[in-house]
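Taking it in order: structure first as structure tokens, then the write-up.
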Amino acid sequence: MKLENTIALVTGANQGLGKCYAEELLRLGAAKVYACGLTLESLDPLCEAHGARIVPLKLDVTVRDDVSAAVSAAGDVTVLLNNAGILEHKGLVEAGSSEAFRREMAVNVFGLADMSLAFAPVIAGNGGGAIINMLSAASLANFPPFGSYCATKAAAMSITHCLRYELKTQGIEVFGIYAGLIDTDMLKSIRGEKSDPEDIAAAALKGVEAGIMDIDTDARAKWLRATLVEDPESLEALQHERADDFYKTQSM
Ligand SMILES: NC(=O)c1ccc[n+]([C@@H]2O[C@H](COP(=O)([O-])OP(=O)(O)OC[C@H]3O[C@@H](n4cnc5c(N)ncnc54)[C@H](OP(=O)(O)O)[C@@H]3O)[C@@H](O)[C@H]2O)c1
């Protein structure tokens, strides 16, 4: 679908990849972008840089009243970009508590699902459009240093594929975006080769415009998807080896 003249809403748009998505949507000719942040002040730099085409909204995707208020404030939306996400802790056993896992589920899974279900009637009522979900290479396989996070991203992928079927009769296309490590605050304490968030946002929205439903935006995501098909047996050993190496050399 063409993004020119669309009216988009981006969650977690105050920084990182979400800010790049908002700016790339403007570059592609979106008429308006509702940029959402946990606070309105966090959106000031984006608003100051881009003027009236950016409309700031306060939105915590885990708060029902915030989601309802966003629907009321942004009734002209045709593209929802579920970008907000958190990465809280290491593996499930090591954390010793499920509280951090529940927080990750609340944002990465239920937040994404609640926003999608709340905005689907809005998008359908405006003649159709798209829901774009920021998933991860971690949706495709579990990398133990990020065990619970990967589980949330796998669930988010499954929801994406479910909504793709359920919403198609309403004229809503549902896209999934996959990437490996991206150079944002989320991974600031993690070493490794990281992609530029501007490149990821550009590749993702180029894929949307080309009608690719599951979009691998960088080399790591492409490699992982190919390996799952061509050499799945080798993957688990590699995952464990990388996790061992991670615990020896890095900390979160
Ligand atoms: N970084 C990576 O390597 C990587 C790789 C693949 C996929 N991703 C995914 O890409 C997306 C963006 O991540 P990022 O790398 O840009 O991370 P980031 O810089 O930490 O940004 C995350 C964004 O989500 C917002 N957010 C957190 N909790 C929220 C909530 N409850 N409701 C609404 N917004 C909330 C944050 O707001 P505050 O700034 O106010 O905290 C921030 O704007 C996430 O879904 C992430 O899982 C990241």
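The values are calculated or read from the model by the stated rules, or taken from the named source; none is laboratory data. Keep in mind it's a predicted model, so treat the numbers as computed, not measured. Keep in mind that these areas ignore ligands, DNA and RNA; they rest on the heavy atoms of the full protein, side chains included. Shrake-Rupley method; radii C 1.70, N 1.55, O 1.52, S 1.80 Å.
Any idea what Rg and Dmax come out to for the chain if you just take the C-alpha atoms, in Å?
Expressed in Å, the Cα Rg and Dmax of the chain come to 17.7, 53.
Scan the chain and note any complete DSSP helix (H) whose C-alpha atoms cover at least 27 Å along its axis and whose Kyte-Doolittle average is 0.0 or more. Mind showing how you got there, number by number?
Working: long enough: 147-166 (29 Å, 0.06).
Helices meeting the span and hydropathy rule in the chain are 147-166.
In a Gaussian network model over the chain where Cα atoms closer than 10 Å are linked, find which of GLY85, GLY192, GLY211 has the largest mean-square fluctuation.
GLY192
Test of understanding: what is the full-extension gain from LYS168 to ARG64, defined as 0.36 nm times their sequence separation minus their Cα-Cα distance?
The span from LYS168 to ARG64 would gain 34.9 nm if fully extended.
With the full set of protein chains in place, find how many percent of the accessible area of region 7-249 is carbon and sulfur; take the probe as 1.4 Å.
For region 7-249, the apolar C and S fraction of the accessible surface comes to 54 percent.
Tell me, what is the per residue accessible area of region 7-249 in Å², probe radius 1.4 Å?
I get 45 Å² per residue for region 7-249.
Using θ = phi - 60° and the Karplus curve 6.51 cos²θ - 1.76 cosθ + 1.60, what whole-Hz ³J(HN,Hα) does each residue of region 135-146 get, with Gly and Pro shown as x?
Result, rounded to whole Hz: 9, 5, 4, 5, 6, 8, 7, 8, 9, x, x, 10.
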